[in-house]
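J.: Structure provided below as structure tokens; questions to follow.
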Amino acid sequence: MKILAASCAGIWLALAGAASAQLSGANDDPDALARDLEAADTQADGAVTDPWEGFNRKMFAFNDGLDRRIMTPAAKGYRAVTHKKQRKGIRNFLANLRTPVIFVNDLLQGEPKRAGETLGRFFINSTIGFGGMGDPAERMGIPQHGEDFGQTLAVWGVDSGPYLVLPFLGPSTLRDGFGKGVDLTIDPAFWITTDPAMYFRFSRAGVGVVSSREPLIEPLADIRADSLDFYASIRSFYLQSRKREINNGRASYEDLPDIGDFEEFEELE
């Protein structure tokens, strides 16, 4: 029975992850993603390294089909039964759970001050923020930021490698795909092998992909309807958004210090 439950959960998460990952690999804040998507169709790719475009387009079409049939209806249903403040609280809670990954990557990037802020946000929001549902740390002057191992590798000078779209996992690069695997092992929940921990991981991931997909309902629909090449638009969005994250909002690498600060976008509220 446990094996069956785990298998069903795994299948659900794979299907659900296809839609969310199609867009959200570049940023942890779905509200910021929604803003970025509005400009995705008007921006140029720049220097695109996409030697596997034929494979990537097939995987993109596969993921997009899952998005249309599963994730879009799920996201609309989620929106219908929840209030905007409730959805914001859930996103805050999920972001708070990701603190260990951000904290470790802050340290790996040589940012002890930002690591301290990350740790401070976790304790503040986990206590007076009702387990992370609220964000009093933001109001206290400690803004949210996101870091991952893909960004860490970029700071260390590792090239991104070719653009790559994988089934269920969505857009990435060779470097960022490897970074996602490392981030998974950084999460403390990865190492807890009890049944409750397993169900927690599946539940968190399932809620996470639906929560991430919900703010993108309209922006993604507009891009799909108006873009001459939906694949190229999403590729442009991902690569430019990812470059901005790694550059910490600066226009070029020359403007960066050895290890810079990440600039988070304002929330849509």
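J.: What lysines does Lys85 reach when the alpha-carbon gap must be under 19 Å and sequence neighbours fewer than 8 apart in one chain are set aside?
T.: Partners found: Lys76.
J.: So what J values fall out for region 162-178 if you push phi through Karplus, 6.51 cos²θ - 1.76 cosθ + 1.60 with θ = phi - 60°, rounded to Hz, Gly and Pro as x?
T.: Karplus-based 3J(HN,Hα) across region 162-178 equals x, 5, 8, 10, 10, x, 6, 8, x, x, 6, 9, 4, 5, 5, x, 5 Hz.
J.: Taking the alpha-carbon distance from Lys180 and a cut-off under 21 Å, which lysines remain once sequence neighbours fewer than 8 residues away in the same chain are dropped?
T.: Those lysines meeting the cut-off are Lys243.
J.: Now for a separate question. Each residue of region 125-133 in turn: what ³J(HN,Hα) in whole Hz from Karplus with 6.51, -1.76, 1.60 and θ = phi - 60°, glycine and Pro shown as x?
T.: Those phi angles translate into 6, 6, 9, 6, x, 6, x, x, 5 Hz.
J.: Also, I was wondering about something else. Considering only protein heavy atoms, with the full assembly of protein chains and a 1.4 angstrom probe, order Leu97, Leu174 by accessible area, largest first.
T.: Leu174, Leu97
J.: Now for a different question. How far, in nm, would the chain grow between Thr127 and Arg224 when pulled straight, counting 0.36 nm per residue and subtracting the alpha carbon separation?
T.: Stretched out fully, the Thr127 to Arg224 stretch lengthens by 30.8 nm.
J.: I'd like the distance separating the alpha-carbon centroids of region 201-219 and region 117-179, in whole Å.
T.: If we compute the Cα centre of each part, the gap is 16 Å.
The values are calculated or read from the model by the stated rules, or taken from the named source; none is laboratory data. Keep in mind that what you see is a predicted model, and the values were worked out from it rather than measured. Side chains are part of the model used for accessible areas, which takes the heavy atoms of the whole protein and leaves out ligands, DNA and RNA. Shrake-Rupley method; radii C 1.70, N 1.55, O 1.52, S 1.80 Å.
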